[in-house]
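Worksheet for the structure shown next.
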Amino acid sequence: MMEIKKILVPTDFSDEAISAYTHAQELASKLGARVDMIHIVPTLKYFSESINKLGVPLNFDEDLYPHVKDGAQHRLKGFMADYLKEENKGDALVRIERKPSKAIAEFASDNGYDLVVMAARGEHSSDLLRGSITEKVIRYSAVPVFTVDNRLKPEGIKNILLPTDASSLSFACLPVALALADTYGARITLFHVLELYGTLSESLERNPGNTEESDLYQAILEKLTEYLSETGQDGITVQRGDREFEDQILITEGVNPKAIQLNTVIAKGLSAHYEIENYAPDNADLIVMTTHGHSGLAHFFLGSTTEKVAQHVDMPVLTVKPAGKELKKAD
């Protein structure tokens, strides 16, 4: 099971970003984690070059950016003092970069963060889509990205939805889902969409005595068990329940064994992303998804389903990019 001990919170200082501070602190309190906050000052490269050509006595690197950086760091420290507990408070970081989204993703990866927590929307985002910076961080980040808003109550994660196409890649988000389920006492629901075209059931050997949903349920749990075995997670096993679609995940690693409720839901629909967006708001507090599915590197940046859900669903989403070796194996 994944450990979360180092959290990075990017901010643009907007009111919308405040939700990320409160949820990061809630996680840090429960997990004993440290929270660093970062603000990226975008470079004004072309404007700076134009000023220099005009001969205006202003040097951006020497005259402007140091003052902007000092001001931003002062604001960061103020937010950290207001929203973070002393025992969880880390560093106030300011970077001057041309592309904020890539800078955040690379900084998180290069400095060993376990989780990026950021607002679903920033100061200039549309009401219909996640903020463009947030969307790009999800796309680039090798570190899991938890996007939140003020609709998620810190204590309210009781149902985690994990959409799956039954591929190993789609289960790559399970370790972080288990960590959050254990932290909050939540259940996990595996959600598979039986699409009209191109579905897993086409390759299944059907049992005449079972429904199509029952066969799919059995196949999904078998694939999950294979994933746990192939990735060497010996301390995590699936324990079948007395009723179909209701099972448990047993975690025997560590001192105290744990059991997490595992449900499976099979839905029918024209498209996976539409069914996820329709089901999740009334049945889950958080969606946890991998950024790639069965198509592997065919969707190099984001699997199309994850991309659409992350952009449009009106609730918190946590996205996980599979490790490079998992992507190569699936390609």
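At a 10 Å Cβ-Cβ cut-off, how would you order Leu76, Leu194, Leu318, fewest neighbours first?
The most exposed by this proxy come first: Leu194, Leu76, Leu318.
How do the peptides 23-33, 171-181 rank, highest first, by the average count of neighbouring beta carbon atoms within 10 Å per residue? Please list the in-between numbers first.
Values: 23-33: 20.3, 171-181: 23.8.
The packing order, highest mean first, is 171-181, 23-33.
Packing-wise, with mean Cβ within 10 Å as the measure, how do 309-317, 257-265 rank, highest first?
Taking the mean over residues of other Cβ atoms within 10 Å, the ranking is 309-317, 257-265.
Run the simple label-point estimate for Glu246 and Gln233 please: 7 Å along Cα→C-beta, distance reported in nm.
2.4
As an exercise, use a Förster radius of 25 Å and the Cβ-Cβ distance of Val68 and Lys99 to find the FRET efficiency, rounded to the nearest 0.05.
0.90
Hey, can you rank 137-145, 217-225 by average C-beta count inside 10 Å, highest first?
Ranked from most to least packed, the peptides come out as 137-145, 217-225.
A short reminder: the numbers here are calculations on the coordinates, not readings from a lab. Just so you know, these numbers come straight off a predicted model, no measurement behind them. Methodologically, a virtual Cβ is constructed for each residue, glycine included, from the backbone with ideal geometry; neighbour enumeration extends over all protein chains shown.
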